[in-house]
Amino acid sequence: MKAKDTLTIVKQALDDEISSLIHFRENLDPSVKECVELILKSKGKVIVTGVGKSGDIAKKISHTLSSTGTSAYFLHPTDASHGDSGIVGPDDVVLAIGKSGESEELNYILPTLRKIGAKIVGITANNKSKLAELSDIVIITPVLKEACPLDLAPTSSTTIALVLGDAIAVALMELKEFKADDFALYHPAGRLGKRLSLYLSDVMRKGDRNASIPTHANLEVILKEITEKGIGATGVVDGKGNLVGLITDYDIRKYLTKHTLSPNVTAKEMMNPNPNSFQPNEKAYDVLIKMEGRERPISVAPVVDENGVFVGMISLHDLLQKGL
């Protein structure tokens, strides 16, 4: 018998899971709406539980809910049987996941959680199971066929449970009007979080790190400030601290192509009087895109407040170093 091509096997597994997902979507249990509304009205948190592969899916669902504005925790049934059920409160909603609905470890803890006062939402493919019997709301997740050639290993069934968890999280996000700024609050360290939450005021060089000189500064002062501050440029300010120009390494080279270098040349003579500038309340990622997106990208730019006062300097290097 000729062995099947590897890609053919992979495609068949994908087709089996996709077919089961489509079947689940077309026969979506209306109890999903009850589940979402129950969580939305709840004053407590969501406890997600399951054993084996369902437990792995439960962990992922709890993380997705938590990161999108719904407080959630994963509770392992065995741990719950040995004291961890104390994390469950009377206002909580429990999502209990089990394809067969007959897992002894899972079903053993549900009566206790109900006595505490939590509402149980059972997610199972078996509407006549013990899990369904113990649940306040039952969401049936029919599976056409596991992708496993033996129709045994949890594949299509865990995919359906995972997708259902994602869908519940998304529904709650929309109904709670969860915004990008809320997402950033829960993801301060990730790239997405940084792009949403970091402002120029968080990144710019300010105070003693900010390169700044008066309009009458001579060549020695200009070069010393640029060198000491190490950003390749310096802002030029008037007597009130307002930005009136910028001198970069490029401006110095440009000046030299047209003039004889004199130690008495002033910042006012050498500066670019109309530099691109930004404000401290602009998002750092937006500024990065603007700096890189120009026909001639700029590597450094001054930051001014609403009154034109020079408050900092931002460099492309600093922005990229933040992982944006």
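The values are calculated or read from the model by the stated rules, or taken from the named source; none is laboratory data. As the structure is a prediction and not an experimental result, all values here were calculated from the model. Please note: Cβ atoms are built from the backbone with ideal geometry, for glycine as well, and neighbour counts cover all protein chains shown. Ligands, DNA and RNA are stripped out before the accessible areas are found, and what is left, the full protein with its side chains, is counted by its heavy atoms. Shrake-Rupley method; radii C 1.70, N 1.55, O 1.52, S 1.80 Å.
In the context of the full protein assembly, Val309 retains an accessible surface of approximately 40 Å², using a probe radius of 1.4 Å and ignoring ligands and nucleic acids.
Label-to-label distance for Asp208 and Ser67 is 4.0 nm, based on points extended 7 Å past Cα in the beta-carbon direction. The amide H of Thr141, built 1.01 Å from its N in the peptide plane, has Thr124, Ala125, Asn126 as neighbours under 5 Å, considering only residues 5 or more places off or on other chains.
Between the amide H of Ala217 and those of Ala267, Lys268, distances stay under 5 Å, these residues lying 5 or more places away or on another chain, with hydrogens modeled in the peptide plane. Taking every DSSP bridge with both residues inside region 200-322, close to 75 percent are antiparallel.
Ordered from highest to lowest accessible area with the whole protein assembly present and a 1.4 Å probe, His82, His63 read as His82, His63.
In plain terms, the chain from Lys179 to Glu282 could stretch by 35.3 nm, reckoned as 0.36 nm per residue minus the Cα-Cα distance.
If the chain linking Leu40 and Asp305 were pulled fully straight, counting 0.36 nm for each residue of separation and taking away their Cα-Cα distance, it would gain 91.2 nm.
With a cut-off of 15 Å on the backbone N, the residues of region 72-90 near the modelled label site 7 Å out from Tyr108 along Cα-Cβ are 76-85. Exposed loop sites here mean GluC sites (Glu not before Pro) with a DSSP loop assignment and at most 10 other beta-carbon atoms within 10 Å; the chain contains its longest site-free run at 1-176. Along region 251-264 the Karplus relation, 6.51 cos²θ - 1.76 cosθ + 1.60 evaluated at θ = phi - 60°, assigns HN-Hα couplings of 5, 5, 5, 4, 4, 5, 6, 10, 9, 7, 5, 10, x, 9 Hz to successive residues, with x for each Gly and Pro.
Listed by chain and number, the aspartates and glutamates whose C-alpha is less than 16 Å from the C-alpha of Lys60, apart from same-chain residues fewer than 8 away, are Asp166.
These residues, Met173, Met270, go from largest to smallest accessible area, 1.4 Å probe, as Met173, Met270.
Can you check what the net charge comes to around Leu21, using other residues whose Cβ is under 13 Å from the Cβ of Leu21 (Lys, Arg +1; Asp, Glu -1)? Net of charged neighbours comes to -4. Solvent-accessible area of Asp5, all protein chains in place: 90 Å² (probe radius 1.4 Å, heavy atoms, ligands and nucleic acids excluded). With respect to the cross-link table entries Lys59/Lys99; Lys33/Lys176; Lys11/Lys59; Lys224/Lys258; Lys4/Lys53, which display a Cα-Cα separation exceeding 24 Å? The answer is Lys11/Lys59; Lys4/Lys53. In the chain, what % of DSSP beta bridges are antiparallel (nearest 5)? Of the beta bridges lying entirely in the chain, close to 40 percent run antiparallel. Other residues within the sphere of radius under 12 Å centred on the Cβ of Val236, judged by their own Cβ, net out at -3 (K and R +1, D and E -1). Whole-Hz Karplus values for region 204-216 come out as 4, 7, 9, x, 5, 8, 8, 7, 8, 9, x, 5, 8 Hz, taken residue by residue from phi with 6.51 cos²θ - 1.76 cosθ + 1.60 and θ = phi - 60°; glycine and proline positions read x.
Peptide packing: for 232-239, 257-264, the average count of neighbouring Cβ atoms within 10 Å per residue gives the ranking 232-239, 257-264, highest mean first. Measuring only protein heavy atoms, the 1.4 Å probe finds Lys99 accessible over about 90 Å². Using the Cβ-Cβ distance between Lys4 and Tyr250 with R0 set to 45 Å, the FRET efficiency works out to roughly 0.10.
For the chain, a Gaussian network of Cα nodes joined below 10 Å ranks Ile139, Ile22, Ile123 by mean-square fluctuation, and the top entry is Ile22.
Each residue, Leu28 and Asn274, gets one label point 7 Å from its Cα in the Cβ direction; the gap between the two is 5.5 nm. Rounded to the nearest 0.05, what FRET efficiency is calculated for Lys11 and Tyr199 with R0 set to 35 Å and r the Cβ-Cβ distance? It comes out at approximately 0.15. Ordered by solvent-accessible area of protein heavy atoms (1.4 Å probe), largest first, the residues Leu14, Leu162, Leu223 come out as Leu14, Leu223, Leu162.
For region 4-32, the residues whose backbone nitrogen is under 20 Å from a point 7 Å from the Cα of Leu144, taken along Cα to Cβ, are 8-30.
Taking 56 Å as R0, compute the FRET efficiency from the Cβ-Cβ separation of Asp91 and Thr260 and round it to 0.05.
After rounding to 0.05, the efficiency reads 0.10.
For the chain, the per residue solvent-accessible surface stands at 55 Å², with DNA, RNA and ligands left out and a 1.4 Å probe.
Amide H contacts of Val300 (H built 1.01 Å from N, in plane; Pro and chain starts excluded): Leu316 sit under 5 Å, all sequence-distant by 5 or more or on other chains.
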